[in-house]
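For reference, the structure is listed below as structure tokens.
The values are calculated or read from the model by the stated rules, or taken from the named source; none is laboratory data. All values reported here derive from a predicted model rather than from experimental measurement. All Cβ positions, glycine included, derive from the backbone under ideal geometry; neighbour counts span all protein chains shown.
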Amino acid sequence: MNLKQMVGEKAAEYIKEGMVVGLGTGSTAYYMVEALGRRVNEGLNIIGVTTSTRTKEQAEGLGIPLKSVDEVDVIDITIDGADEISRDFQGIKGGGGALLFEKIVADYSKKVIWIVDESKMVDELGAFPLPIEVMPYGSLQLFKIFEAKGYQPEFRLDEAGEKYVTDGGHLLIDLNMKEIKEPHALATWLDGLTGVVEHGLFLDRVNTVIVGYENGPVVKE
Ligand code: 5RP
């Protein structure tokens, strides 16, 4: 079993009868959704709240009942992947392009679990490019601001080589910062830029991290 599958299946064990569950996006969350789909087909009653079109299509295919984030009072647990997690549990997400909906769903969740293979655990954030979701209008101005800061921005492209458009209809600019010494200060600065819809710094947002190692999953709280 690969490490992503291991942690995906482990995380699905946290889901109990009657829960409203936030369903993350990405190749690790995929396995969690598959495991939940099997349990639903065995009789588990849950409601899923998806974080992307991709996950919605997968969950629908498995017969998991779904509601939108606006149709539920609260989400009991959200399980999602991550691109990098520092020692103090701060994260970068959005490599899969779904950071805006992922952050919204996480914010309305009582508990957030991240599932990652060991390669995602880092001493310091920033080796993974930080995704910034931006309004198309004015995006080149933002690009120039990031460039002037030395953040080596790149517009995310799709398979056809066109600018990638998110589920929310926005563009993504990836910042190649190499290291992020002060994530909270950076997040505050990004939050203040007009035209930035959201960014991939997920700070102080996770309760539990399940890390996949060769000899088994480790739950960190
Ligand atoms: C999508 C995400 C993913 O959770 C993140 O990119 C991790 O993906 P994977 O499990 O495929 O490595 O944030 O927007």
| message | I'd like to check something: does segment 82-89 contain any residue that is closer than 20 Å to P183 by Cα, modelled with pLDDT under 95 and away from the ligand (no atom under 16 Å from the Cβ)? | response | yes
| query | Across segment 1-15, which residue is surrounded by the fewest Cβ atoms within 10 Å (Cβ to Cβ) among those that are within 16 Å of the ligand (Cβ to nearest atom) and outside any helix (DSSP H, G or I)? | reply | M1
| Is segment 18-30 home to any residue that is of a type outside the set (S, T, Y), farther than 24 Å from K220 by Cα and in contact (Cβ under 8 Å) with a residue 12 or more places away in the chain? | yes
| query | Given T25, T51, which one is under 20 Å from I104 (Cα atoms), within 12 Å of the ligand (Cβ to nearest atom) and touching a Phe, Trp or Tyr at 6+ places or on another chain (Cβ under 6 Å)? | reply | T51
| Is there a residue in segment 128-143 that is within 11 Å of the ligand (Cβ to nearest atom), in a strand (DSSP E or B), at pLDDT 95 or above and surrounded by 22 or more Cβ atoms within 10 Å (Cβ to Cβ)? | yes
| request: Taking F146 as the residue in question, decide whether it is over 23 Å from I104 (Cα atoms) and in contact (Cβ under 8 Å) with a residue 12 or more places away in the chain. | output: yes
| Only one of V196, V206, V122 is among the β-branched types (V, I, T), more than 29 Å from V7 (Cα to Cα) and surrounded by 13 or more Cβ atoms within 10 Å (Cβ to Cβ); which? | V196
| Among (1) out of contact with any strand residue (DSSP E or B) (no Cβ under 6 Å at 6 or more places or on another chain); (2) at pLDDT 95 or above - the single one K110 does not satisfy | (1)
| message | I'd like to know if segment 60-72 contains one or more residues that are closer than 20 Å to E9 by Cα, within 15 Å of the ligand (Cβ to nearest atom) and crowded, with 20+ Cβ neighbours inside 10 Å. | response | no
| Of these, V33, V40, which one is of a type in the set (V, I, T), more than 11 Å from the ligand (Cβ to nearest atom) and in contact with a helix residue (DSSP H, G or I) (Cβ under 6 Å, 6 or more places away or on another chain)? | V33
| task | Give the residues of segment 113-127 that are over 14 Å from T28 (Cα atoms) and part of a strand (DSSP E or B), sorted by residue number. | result | M121
| request: Restrict the check to segment 76-92 and report whether at least one residue is β-branched (V, I, T), over 18 Å from T166 (Cα atoms) and either in contact with a Ser or Thr (Cβ under 8 Å, 6 or more places away or on another chain) or without any contact (Cβ under 8 Å) to a residue 12 or more places away in the chain (or both). | output: yes
